[in-house]
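Data block below; observations after.
The values are calculated or read from the model by the stated rules, or taken from the named source; none is laboratory data. Given the structure is predicted, the values throughout are model-derived calculations rather than measurements. Note that each Cβ is placed from the backbone with ideal geometry, even for glycine, and that neighbours are counted across all protein chains shown.
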Amino acid sequence: MYNLALEHRSQLKSQDYAFHSRQLSKEQLREFSNYSQAVAIRSVLKELKGDPDYEWLRKFPSQCIDSLLSDLNEAFQKFFKKQGGRPKRRTFLKNNSAKLKTLEKRGDKFRVNVLYRKDTVRIPKLGLVKYKKHKKFYGKPTVSTVMREGNEYFICVTTRQTVKALEYCGIAIGVDLGVTFPMATSDGEILPKNTVLDAIDSRYRKLQKKFSRQKNKQSVRRKRTKAQLADLKRKQTRCRKAYIHKATTELTKRYSYIAIEDLKVKNMTKFAKGDAEEPGKNVKAKSGLNRVVLNVAPYEMRSQFVYKAGWYGSHIEDVHPKNTSLTCPECGAIDKKNRKSQSVFECVGCGHTNNADINAERNILIKSGMSETALGLRKTPRKNHQVLATSESIVSCFQPLSDCNSSALSSGYG
């Protein structure tokens, strides 16, 4: 259906419209709007539904047409604004999702289109389907998206709710993003590295070597190995996001002011191979560092901090990371010799010593303009976001620096 709509829009080019040089006029946009295109496509579908070769057209809800037309229209708008390339045809193995309206308005009344129950969900044209609900959602459900990842199916619910943010009460903390420890806070707490990601990465590399030896692209074993690689990568992504969600939610609930360094991840993970005229140096080591940095996902951490800050009444302040690891918070001296190692900071001026990550957090908090007197204080989350007192929820993701293994502090990249 997406390809049919794309072909319908592409007829503009055959009608001598300036498709590439300028945007469409208002009359042309009105002629090829989502509604008019939906009417034209539905008229074609009525003719095809009588054909036995197109019997599959009766097996999907009509709302999927509206969603794919809106996706196509958004893609064309980005193309006209030169924010992306021209929309291309979709293939069978990609874009495996279907959007459905959870509530459908008919006249003055709303009709429940996708009905959620305790352990089943009713989907149009499919009926009742069993599912595992891992989280309770609040607000008015608007869109339900059914997605397929490998051999697994997921349903994502988009809701609309009003969130009243709390007022800022001066409780501040600095957060440093690293590799040895994904997060380090200025009050002396460390987020331990997720060892599950390293275990999955080790399995992925072994399986990738096996896949590289399978040369026959039509082999069933090669296709099976390829599917296993995709499953491992999806599992790694879910584990990484879940771990980051726990840490960012805890910090935004506990503190009202969070100063975080504004890292340019794209510049940090540039490919160092170079070209024939100017070859790169330490390419293998740099590629390994890029892999580790991307596995920690600092950009994902920062983006989660930003949108959760509005939920829990916190303020996020971006701080330039320049010299935060070389500056002494006591006397303000900046010297490369202050950083004795990846984990030890010792000021050559005043003799102040501390863990390098914790020291960088204090500098980040000071550079943000917030006083250190607010360190260590916590706020009480409002009633709507208080976690139930279960054994799983009361355990903090963060550990005091003294509880961390000393060997872990001195290993890896800082």
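A few comments on the model shown:
- The single residue among 132, 210, 193, 136 that is modelled with pLDDT under 90 and over 30 Å from residue 356 (Cβ atoms) turns out to be 136.
- Qualifying residue in region 322-336 (condition: assigned by TED's automatic domain parsing to the domain that holds residue 369, part of a helix (DSSP H, G or I), farther than 28 Å from residue 237 by Cα and out of contact with any Ser or Thr (no Cβ under 7 Å at 6 or more places or on another chain)): yes
- Of all residues in region 194-212 being of a type in the set (S, T, N, Q) and surrounded by 12 or more Cβ atoms within 10 Å (Cβ to Cβ), the one that is nearest to residue 232 (Cα to Cα): 208
- Taken over region 86-118, the criterion of being among the aromatic types (Phe, Trp, Tyr) and without any contact (Cβ under 8 Å) to a residue 40 or more places away in the chain is satisfied by 92, 110.
- Region 182-203, residues that are touching a Pro at 6+ places or on another chain (Cβ under 7 Å) and either part of a strand (DSSP E or B) or farther than 12 Å from residue 247 by Cα (or both): 188, 189, 191
- With respect to the conditions (1) at pLDDT below 80; (2) acidic (Asp, Glu); (3) on the phi < 0 side of the Ramachandran plot, residue 16 lacks only one, and its number is (3).
- A single entry from 242, 309, 285, 230 fulfils the requirement of being of a type outside the set (Asp, Glu), touching a residue at least 40 places away in the same chain (Cβ under 8 Å), in a helix (DSSP H, G or I) and under 30 Å from residue 206 (Cβ atoms): 230.
- Flag if residue 53 is touching a helix residue (DSSP H, G or I) at 6+ places or on another chain (Cβ under 8 Å) and either part of a helix (DSSP H, G or I) or exposed (fewer than 10 other Cβ atoms within 10 Å of the Cβ) (or both): no
- Residue satisfying all of: in region 24-50; surrounded by 14 or more Cβ atoms within 10 Å (Cβ to Cβ) and not in a helix (DSSP H, G or I); modelled with the highest pLDDT among these: 32
- Screening residue 363 on (1) buried (at least 18 other Cβ atoms within 10 Å of the Cβ); (2) at pLDDT below 75; (3) polar (S, T, N, Q) shows it passes everything except condition (2).
- Flag if residue 137 is part of a loop (DSSP other than H, G, I, E, B) and either β-branched (Val, Ile, Thr) or within 21 Å of the chain's Cα centre (by Cα) (or both): yes
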